[in-house]
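Presented below is the structure to which this report refers.
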Amino acid sequence: MYTIIHNARCSKSREALKTLQDSNKPFTIREYLKEALTFQELDEILQKLNVEPIDIIRTSEAEWKEFFQNQDLSRDELIQAMVDYPKLIQRPIVVDEKGGVVGRPLENVHTFIQ
């Protein structure tokens, strides 16, 4: 089963959700701004994506610039930053039991759910 890490206010996230809906494959929606991801969940997502935390951080967000920019943060500190400030998490992200993708560009989602 797929899970979409979703922000309903994001057009790219809505497009990825529609792609999943149109696929008729089972999935769940995790609105991470309403139900925050835990440190462990983010760590598992990163492992499925096979990326480092900085690779899914939205460095253009005000919270990043104000609190974290130009700091040499450890992997755990970067994950904790996303836990504390979930707006920093890139979206959408689609995962299943084995792997996952960031849905930018949307073609990543199409390829992943094939």
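The values are calculated or read from the model by the stated rules, or taken from the named source; none is laboratory data. Everything quoted here is computed from the prediction, not taken from an experiment. FYI the Cβ positions are ideal-geometry reconstructions off the backbone, even for glycines, and counts take in every protein chain you see.
Okay, here's what the table says:
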{"quantity": "Pair list, Cβ < 8 Å and 6+ apart or interchain, from segment 83-98 residues that are on the phi < 0 side of the Ramachandran plot and hydroxyl-bearing (Ser, Thr, Tyr) to residues that are part of a helix (DSSP H, G or I) and at pLDDT 95 or above", "calculated": "Tyr85/Glu63; Tyr85/Trp64; Tyr85/Phe67"}
{"quantity": "Residue that is part of a helix (DSSP H, G or I) and of a type in the set (D, E, K, R), where the choices are Glu41, Glu35", "calculated": "Glu41"}
{"quantity": "Cβ pairs under 8 Å, 6+ apart, first in segment 33-57 and more than 22 Å from Gln69 (Cα to Cα), second small (Gly, Ala, Ser) and crowded, with 20+ Cβ neighbours inside 10 Å", "calculated": "Ile45/Gly100; Lys48/Gly100; Leu49/Gly100"}
{"quantity": "Complete set of residues in segment 1-50 that are in contact with a Lys or Arg (Cβ under 9 Å, 6 or more places away or on another chain), surrounded by 18 or more Cβ atoms within 10 Å (Cβ to Cβ) and of a type in the set (A, V, I, L, M, F, W, C)", "calculated": "Ile4, Ile5, Ala16, Leu37, Leu46"}
{"quantity": "Test for Glu63: is it closer than 26 Å to Ile113 by Cβ and of a type in the set (D, E, K, R)", "calculated": "no"}
